[in-house]
1. In what sequence, highest mean first, do 50-63, 660-673, 531-544 appear when ranked by Cβ atoms within 10 angstrom?
2. So what is the relative contact order for the chain, in percent, with contacts set as C-alpha pairs under 8 Å and at least six apart?
3. I'd like the Karplus ³J(HN,Hα) series for the range 489-504: coefficients 6.51, -1.76, 1.60, θ = phi - 60°, whole numbers in Hz, and an x wherever there's a Gly or Pro.
4. Rounded to the nearest 500, what is the chain's calculated 222 nm mean residue ellipticity when only DSSP H runs of at least 4 contribute -39500 (n - 2.57) each, over all residues?
5. Classify the range 67-188 as rounded, prolate or oblate from the Cα gyration tensor: take a ≥ b ≥ c as the square roots of its eigenvalues, call it rounded if a/c is under 1.5, otherwise prolate when a/b beats b/c and oblate if not.
6. For the peptides 251-263, 604-616, 390-402, 315-327, what is the packing order when you average, over each peptide's residues, the other Cβ atoms within 10 Å and list the highest mean first?
7. Work out the length of the dipole vector of the range 545-762 about its Cα centre, built from +1 on the beta-carbon of each Lys and Arg and -1 on the beta-carbon of each Asp and Glu, and round it to the nearest 20 debye.
8. So what is the orientation-averaged projected area of the chain, using the convex hull of its C-alpha atoms, in nm²?
Amino acid sequence: MIQLSEGGAYLINGTEIVPDGAQAQAEIKSKTGKEVSREEAARETIAYSILKEHNTSGNMEKLKIKFDKLTSHDITFVGIIQTARASGLEKFPVPYVLTNCHNSLCAVGGTINEDDHMFGLTCAKKYGGVYVPPHQAVIHQYAREMLAGGGRMILGSDSHTRYGALGTMAMGEGGPELVKQLLNQTYDINMPGVVGIYLTGEPVKGVGPQDVALAIIGAVFGNGYVKNKVMEFVGPGVASLSADFRIGIDVMTTETTCLSSIWRTDGEIEEFYDIHGRKEDYKELNPGEVAYYDGMITVDLSSIRPMIAMPFHPSNTYTIEELNENLEDILNDVEKRAAVSLDGAVDFTLKDKVKNGKFYVDQGIIAGCAGGGFENICAAADILKGSYIGSDGFTLSVYPASMPVYMELIKNGCAAALMETGAVLKTAFCGPCFGAGDTPANNAFSIRHSTRNFPNREGSKLQNGQISSVALMDARSIAATSANKGVLTPATDFDGTIGKYKYHFDSKIYANRVFDSRGEADPNVEIQFGPNIKDWPKMCALPENLVLQVVSEIHDPVTTTDELIPSGETSSYRSNPLGLAEFTLSRKDPAYVGRAKEIQAAQTAVMEGKCPVEVKPELKPVMETIRKSYPDAGEGNIGFGSTIFAVKPGDGSAREQAASCQKVLGGWANIANEYATKRYRSNLINWGMLPFIIQEEDTKLPFKNLDYIFIPDVKKAVEEKTEKIKAYVIGEAGMTEFEMTLGELTDEERQIILKGCLINYNRVS
């Protein structure tokens, strides 16, 4: 079904794979009549050509990227614009689209959600942007319909910023990376590896894009095969897929932890642009005659079967048939995984969902940037036609990804067909993906064509004993399960017809509702604020020496951004840094906030010219111990703050608040064995936090929760690019030395850390 090469591979004429090795060059010459070095062939990928066109450094090993367009939604754009304003923003230098698809219910927190929207509208007018009102489109569907273009690059403040199927290399990053673009700075990365995804065959009836995506995620997430690399989709199987099908696979590449994605393009994609009135934005993209890939994943589309990603990760994958045939064994395994993910906070089982040997689910959702596409919903309507979901506890909700998609479903009858079954159609909204809409009942099991199924989402509040669990599936199998009144059913069991529907895009919907400045800024517009929109608090520069207190210690294999800062109801506070910070680690380690504030009080005292020991007396013996070896450590040259340890933090969302909330509570660092994603590490750096790495050992850590760590000359270490940084655990017996590293940092990143955060780095007084 899916095969991963052990090393690199060459692709000849887009159709023949030659594994890298001693015989590779001879085979290439026999097929092409010429010799091509690995270095030359690496420059023939689609990804390389796009990156080269957008690189401003002149060095393809050290990239400085300028993006063509930017996009954000309403739980990120306020913080981004506030940061840029503090740095002297006068005008958006590139098209910047502000969508409103996360806080669009305006149902939580009084006026504060709509206040954010009005802030966005007035900023779009003042600085020359585009404003998409609530319920019109989810962020990524609008970008597909209106922003993408062949050979372009788009940066978005949402992790699922992926438009590779349309020939656009897109990346999801934390807000500070968009701030840099707004200030005419660059996105700085080393040249990423490129992994070929070689598709053959075509999907069988009943298999959808989520099935293909989950099969790939299951094969590559755990081994890091594509981590921080670009996934380049090639091969003859691409031609068998519609544009919508390709988009549905592409958006899920985020869950592999890759950096970005790109696809070869053809007439299907040209037709997509033509349908949307933008035929001139199409560009044919193909790898060169001989292209070299750092790895090759071969996917036989005809062998893919309906998939399910069981709780609590998109990589926990099985075929639905496999699950149904091995319920007891697989559900036992899910319970074991849950015990780790949930820290034993609640009793979790799915065995009570098995009745008479059949697995029953409680809820179905087809939604958002992954599930809400036109073809997905039409296929679901065909499978459900003539059936009824029943009047028991099972429910089905469908969220078309944009108002134009919704309109076409009304015109072609699919909307009516769905509603007749008992399904509910709702407007474009990302809420079901992050726990702000269609939250299941306690102990309920929901199947969703959406992007994630992490723990601590979808309404779970473990500290209150509340748990719900989500499995990811394709819309087609969700429909088949719905038609079977909640009995888990693969869509390949459906023996009817799944039709092909022609899509007609109605451009008037956006023309009549979306504000588009067309790049013209109006400095006379006053920004409309609300009482919940707050400025970032003052942050100081990195001190010469640091005393850190470990205030949370997490030993899960992976820690998601949802566990660092919960999603769902906290979204309403994303424009209020201090208000949101109160929720930091609230579902993973409820004691974190109080502990962080206690050590932060010492740093506040330093910044106010007071004695830190007076506000936190337990620092007195700590400082006495430090001064025995470092007598000069004291007033004016030492700072105090918190750190957390996590094995592998940062999987999931791009939201900067996973780092900024720690920062505004006095966080100076994270300590990890590795970082799950580049974007989380970048968020730490941009908020002036030290991304320490400590080598994973078989023995226990040199420190434990609540220990104090002294890092002498930390400022000097950052300035002088010291490879190994010496640190000490402060104990009753004295100081115990250990080492950490910071990994590779650009010169700009070092300056951001030294200044204390990106705001300080760019601040205009």
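Readers should treat all values here as calculations from the given coordinates under stated rules, not as data from a laboratory. Because the structure is predicted, anything quoted here is derived from the model rather than measured. So basically every Cβ, Gly included, is an ideal-geometry build from the backbone, and we count neighbours across all protein chains shown.
1. Working: 50-63: 14.3, 660-673: 25.2, 531-544: 16.0.
For the peptides 50-63, 660-673, 531-544, the packing ranking is 660-673, 531-544, 50-63.
2. On the way: 1822 pairs, mean separation 110.0, N = 765.
Worked out over the chain, it gives 14 percent.
3. Result, ordered by residue: 9, x, 5, 5, 7, 6, 9, x, 9, 9, x, 10, 10, 7, 9, 10 Hz.
4. Details: 29 runs with 241 residues, N = 765.
Mean residue ellipticity at 222 nm (helix-derived): -8500 deg cm²/dmol.
5. On the way: a/c = 1.86, a/b = 1.21, b/c = 1.53.
Here the range 67-188 falls in the oblate category.
6. Numbers: 251-263: 27.2, 604-616: 14.9, 390-402: 21.1, 315-327: 18.6.
Top of the packing list down: 251-263, 390-402, 315-327, 604-616.
7. Numbers: 25 positive and 32 negative charges, 83 e Å.
Charge dipole, the range 545-762, about its Cα centre: 400 debye, nearest 20.
8. With the hull built on Cα positions only, its mean projection is 32.7 nm².
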